[in-house]
Amino acid sequence: QLYFIYKCEAILKSALEDTELSKEALHKSKLYNDRKEIVENAASSKPSGKTESKKIESKPKTRDVTFGLYLEGKKVDEIAKERGLTVGTIQSHFIPFLKNGKLKITDLMTKDRADIITHCITNTEAATVSEVRQVLGDDFGFGEIRLVWASLETDE
């Protein structure tokens with residue numbers, strides 16, 4: 001950002017002095033003097049030959065954090081509030097666990113609700129989540145539909 005500040009300074013100086021901004025003026029400005037110093041400093045510093053091995057702490061995947069909270073007995077809305085995320089985001093975190101069989105759809109919603117959504121997905125020509133929602137109405141959320149759809153696509 002310092003580069004842009006020096007460039008603006010050169011442009012303003014040129015405008016205030018009513019002179020043409022030339023390459024020579026830019027080269028004389030702090031813009032290029034700082035660059036020369038950086039290059040010279042980099043060239044003069046010699047690598048020690050030793051490489052530092054830094055341990056990079058791996059953070060758990062956000063969906064794994066969500067799944068852990070679920071396993072502690074927390075409900076979707078509680079997890080969303082605790083993590084500062086939307087219910088839809090938390091629901092999307094469960095999709096891989098539905099597909100790999102670690103969760104069943106009935107762990108996340110009632111069997112009746114899941115059956116209604118499943119029936120709509122399998123017995124209508126609705127090909128997208130939005131189309132399924134249009135058929136079902138506002139009583140069913142997009143996240144719920146995505147969850148049921150994912151449960152139908154389980155990894156085997």
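The values are calculated or read from the model by the stated rules, or taken from the named source; none is laboratory data. A quick note: this is a predicted structure, and the numbers were derived from the prediction, not measured. Cβ placement follows ideal geometry from the backbone for every residue including glycine, while neighbour counts extend to all protein chains displayed.
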Given the conditions (1) modelled with pLDDT of 65 or more; (2) farther than 30 Å from residue 139 by Cα; (3) under 35 Å from the mean Cα position of the chain (by Cα), every one holds for residue 38 apart from (1)
Being closer than 21 Å to residue 68 by Cα and of a type in the set (Val, Ile, Thr) narrows 121, 90 down to just 90
Counted residues, region 98-132 - those being among the small types (Gly, Ala, Ser) and in contact (Cβ under 8 Å) with a residue 24 or more places away in the chain
2
Do any residues in region 133-156 that are closer than 15 Å to residue 90 by Cβ have Cβ atoms under 7 Å from those of residues that are of a type in the set (Phe, Trp, Tyr), where the two are at least six apart or on different chains, and which pairs are they?
147/94
Test residue 25 against the stated conditions and say whether it is in a helix (DSSP H, G or I), at pLDDT below 70 and surrounded by fewer than 10 Cβ atoms within 10 Å (Cβ to Cβ).
no
Index of the failed condition, residue 18 passing every other in (1) touching a Lys or Arg at 6+ places or on another chain (Cβ under 9 Å); (2) modelled with pLDDT of 75 or more; (3) assigned to a loop (DSSP other than H, G, I, E, B)
(1)
